[in-house]
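Participant: Handing you a structure now.
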Amino acid sequence: MNTCRPLWALLTLAWVVGSASAGSVRYLGPDEGSGSCRAVVVEGCALAHTGQLLPVDQQGNLIGETAVDAQLAQVLFNLEAALAAAGSATEHLVKLNLYVDSPRTADAVRKLFAKRFRKPVLPAMSWVCTPLAHPKALVALDAVAIVPGEGPGHVVRKRCESFAGDRRFADVAVLPRGETIYVCSVPAQGDSAAATAKALEMLMRTIGPLGLDHSHVVQWKVFLNAMDRASAVREQMASLFSGVLGPPGVLVESVSETPGMIELIAFAPAKVSTSAPAEPVSFLAPPGTKPSPLGSPLARVLADQRIYISGLYADQPARGEAQVRSVFSALEEIAKQSGTDLRHMVKATYYVADKEAEAALERLGAEYFDRARAPVSSKVMVHGVGLSDRSITLDMIAVPR
């Protein structure tokens, strides 16, 4: 039986900011037309990270086969259940990553969110167009939310029984307060499953010297070259976490011939932190890796404050370099308002939907970033970026200057 709340109840609920006893959250640059804000600053909080939540019920049935509003209502119901399992709730949301089948769906979801999310709680949001693991799903999301209280001292992973999912993986995991590692792999050759295996091997070699293993992983995101290979990719991920409940995950289809990229978020307990970086973030190049103009291989974050920046777009339709410069101008502006700058961006996902924007991004990266302090990044060629007349968006995480 579908236990989803009525759509009107989900879309008209008025929210009040919940305060965590161990931290705070600030919402900057509200855009009530989309129910979001430009950035969210979080301090002194454990953070719940969900997996990619689909519009399915407890039996695995898709809800609302062709109806965006019904699918979104089920996704939000699943979100509430997942966060509750982690000791959080939707009034503690700080970031939503949206996955939609088309810009048209994105536009419809924004209108619904404008009714759902009201001041003062307006989470940061990012958008990408991708096929989803359920072939008839129109919308999915993953989320970050604060966990009130002191939070746990180690990574906690939870399954949620309110909706169907892969029982080998958690639906939500809690990133404790303390040091965080952001790391991503380079593209690997081969089909999605083989490329995932190669990327996983590289990532575990990268975090191993820090004293970390699979138990420290909070969330994974895989970019695969065909969503119909999702099951094979999940098998590769499950093999790493054999015998334990794996962390929540996200799947995004890339149109690149060599996807095979994985992003990981991991927790570094104090006992394995060999030394404290002088700044709130340090960028490391483990043996066999090297920084690029767009991204460092690994970022080690000590700061107890994070800045989640919404997916940014050019202020008007443009091509190539003009679009990229407009996006970076917007990034510099919101960074300044948030108390940070480009030297303190720690994680970036660049979604591009045409070759001209991709080439401009690669060419201009060195102009905007210090090569030694470029964020850990994934540059992904995708079907769309959530707006029909744009072809690039930036999704960033930062720390204060």
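No value in this document is a laboratory result; all are computed from the given coordinates. Just so it is clear, the model here is predicted, and its values are computed rather than measured. Please note: Cβ atoms are built from the backbone with ideal geometry, for glycine as well, and neighbour counts cover all protein chains shown.
Participant: Please give the peptides 169-180, 128-139 ranked by average Cβ packing (other Cβ atoms within 10 Å per residue), highest first, as a rough proxy for protection.
Facilitator: Peptide ranking by packing, descending: 169-180, 128-139.
Participant: If you don't mind, there's one more thing I want to ask. Of 198/221; 198/355; 95/119; 115/136; 95/379, which pairs sit farther than 18 Å apart, going by alpha carbon to alpha carbon?
Facilitator: Over 18 Å apart, Cα to Cα: 198/355; 115/136; 95/379.
Participant: Now a separate question. Run the numbers for residue 91 and residue 356: contour at 0.36 nm per residue of separation, minus the present Cα-Cα distance, in nm.
Facilitator: Residue separation times 0.36 nm, minus the Cα-Cα distance, leaves 91.4 nm.
Participant: How large is the charge dipole for the stretch 1-177, taken about the Cα centre, if only the Cβ atoms of Lys, Arg (+1) and Asp, Glu (-1) carry charge, to the nearest 20 debye?
Facilitator: Computed about the Cα centre, the dipole is about 180 debye.
Participant: If you count the DSSP beta bridges with both ends in the chain, what percent of them are antiparallel, to the nearest 5?
Facilitator: 75
Participant: Determine ³J(HN,Hα), in whole Hz, for all residues of the stretch 241-247 in sequence, where each value follows from phi through the Karplus function 6.51 cos²θ - 1.76 cosθ + 1.60 and θ = phi - 60°; x replaces Gly and Pro.
Facilitator: So the J values, rounded to whole Hz, are 10, 4, x, 9, 6, x, x.
Participant: When only alpha-carbon atoms count, how far does the chain stretch along each of its three principal axes, as whole angstroms with the largest first?
Facilitator: 53, 49, 45
Participant: Hey, can you grab everything whose amide H is under 5 Å from the amide H of residue 54? Only 5+ residues off in sequence or another chain; H modelled, so Pro and N-termini drop out.
Facilitator: The answer is none.
Participant: Report the extension gain between residue 316 and residue 366 in nm, rounded to one decimal, defined as 0.36 nm multiplied by the number of residues separating them, less their alpha carbon distance.
Facilitator: Full-extension gain reported as 15.6 nm.
Participant: If the chain between residue 341 and residue 214 were fully stretched, how many nm would it gain, using 0.36 nm times the residue separation less the Cα-Cα distance?
Facilitator: Stretched out fully, the residue 341 to residue 214 stretch lengthens by 42.5 nm.
Participant: Here's a follow-up. When only alpha-carbon atoms count, how far does the stretch 1-177 stretch along each of its three principal axes, as whole angstroms with the largest first?
Facilitator: 42, 38, 27
Participant: Further, regarding this structure: Counting each DSSP H run of 4 or more residues in the chain as -39500 (n - 2.57), what helix-only mean residue ellipticity at 222 nm follows after dividing by all residues, to the nearest 500 deg cm²/dmol?
Facilitator: -8000 deg cm²/dmol
Participant: Can you compute log10 of I(q)/I(0) for the stretch 88-179 with the Debye formula, treating each Cα as one identical point scatterer, at q = 0.11, 0.13, 0.15 Å⁻¹?
Facilitator: Treating every Cα as an identical point scatterer, log10 I(q)/I(0) equals -0.40, -0.56, -0.74.
Participant: Further question on the same structure: Which residues' amide hydrogens lie under 5 Å from the amide hydrogen of residue 394, considering only partners 5 or more residues apart or on another chain, with H built in the peptide plane?
Facilitator: 312
Participant: Ok, one more. Output ³J(HN,Hα) for the stretch 307-323: one whole-Hz value per residue in order, computed from phi by the Karplus curve 6.51 cos²θ - 1.76 cosθ + 1.60 with θ = phi - 60°, and x for Gly and Pro.
Facilitator: 10, 9, 9, 4, x, 9, 10, 4, 5, 8, x, 7, 10, x, 4, 4, 5
Participant: Can you list the residues, at least 5 places off or on another chain, whose amide H is less than 5 Å from the amide H of residue 36, using H built in the peptide plane?
Facilitator: 31
Participant: Something else now. Along each of the three principal axes of the Cα atoms of the stretch 50-116, give the extent in whole Å, ordering the values from largest to smallest.
Facilitator: 34, 28, 19
Participant: Step through the residues of the stretch 129-138 one at a time and calculate ³J(HN,Hα) from phi using the Karplus curve (6.51 cos²θ - 1.76 cosθ + 1.60, θ = phi - 60°), rounding each to whole Hz and writing x for Gly and Pro.
Facilitator: 8, 7, x, 10, 4, 8, x, 9, 6, 9
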